[in-house]
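Note sheet for the following structure.
The values are calculated or read from the model by the stated rules, or taken from the named source; none is laboratory data. All of these numbers come straight from a predicted model, not from anything done at the bench. FYI the Cβ positions are ideal-geometry reconstructions off the backbone, even for glycines, and counts take in every protein chain you see.
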Amino acid sequence: MAKQAKSSAESNNGNGKDDSSFLRTRLVVINEEINGKVAKQVIRELEELKFKDDKTPIALIINSFGGIVYDAFAIMEHIRTLGVPVHTKTTGYAFSAGAAILSQGAKGHRVCAKNAVIMLHEIVVSFSGEMTHVNMEHDQRVKLNNQVMSILAINCGHKTKKAQAEFIEKIVEKRYFTAKEAKELGLIDTII
């Protein structure tokens, strides 16, 4: 099994230099599964950069197969309420929670490499236990899925209920998107 990469403040970039140099250039990187530890680190880095300069945009590079939706929400809500523009970019892949975070970037500054792949899907969960609890978990899953889809639709510029329904239908029909398709969908603004 491949060794998990670390967030930008914890690792080095392969040339022996500490990746805290990324923070000096206002760059935050997510290149692993999105979980509580990653969310905590990304939020800390965003806050540190805001504290140093609350006007200059922050770049967030995302190459992630996704992760835990609640942890992605924490990052997304932090980006939304930070008060500093966050420019998002993917150069390889932004799947699931990674794609949701990519869509949360500042409008006009959500960038995707031309050969990158973006994947979206409905929430995936499994249930076990007593029937009452399974039913409660199912109801929560439906609410959570609707919330994720609504946020994605709004981030992509689909404001009306009809436009949101059409957007969700496209995601359910087609899960993997090229950069061009992601731009047409409104997930990104620019292809590089």
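Key figures for this structure:
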{"quantity": "Given (1) touching a residue at least 40 places away in the same chain (Cβ under 8 Å); (2) over 14 Å from ASN155 (Cβ atoms); (3) out of contact with any strand residue (DSSP E or B) (no Cβ under 6 Å at 6 or more places or on another chain), number of the condition LYS107 does not satisfy", "calculated": "(2)"}
{"quantity": "Top-ranked residue in the stretch 138-158 [being of a type in the set (D, E, K, R) and either surrounded by fewer than 15 Cβ atoms within 10 Å (Cβ to Cβ) or modelled with pLDDT of 85 or more (or both); ranked as nearest to GLU77 (Cα to Cα)]", "calculated": "LYS143"}
{"quantity": "Candidate set from the stretch 159-187 (those that are among the basic types (Lys, Arg) and out of contact with any helix residue (DSSP H, G or I) (no Cβ under 7 Å at 6 or more places or on another chain)); member that is surrounded by the most Cβ atoms within 10 Å (Cβ to Cβ)", "calculated": "LYS183"}
{"quantity": "Residue ID - modelled with the lowest pLDDT, chosen from residues in the stretch 165-184 that are part of a helix (DSSP H, G or I) and farther than 15 Å from SER103 by Cβ", "calculated": "GLU173"}
{"quantity": "Residue that is touching a residue at least 12 places away in the same chain (Cβ under 8 Å), surrounded by fewer than 18 Cβ atoms within 10 Å (Cβ to Cβ) and of a type outside the set (Gly, Ala, Ser), where the choices are THR56, THR90", "calculated": "THR56"}
{"quantity": "Top-ranked residue in the stretch 63-90 [being in contact with a strand residue (DSSP E or B) (Cβ under 7 Å, 6 or more places away or on another chain) and of a type in the set (S, T, N, Q); ranked as nearest to HIS121 (Cα to Cα)]", "calculated": "SER64"}
{"quantity": "Within the stretch 22-43, tally of residues that are in a helix (DSSP H, G or I), closer than 15 Å to HIS78 by Cα and among the hydrophobic types (A, V, I, L, M, F, W, C)", "calculated": "4"}
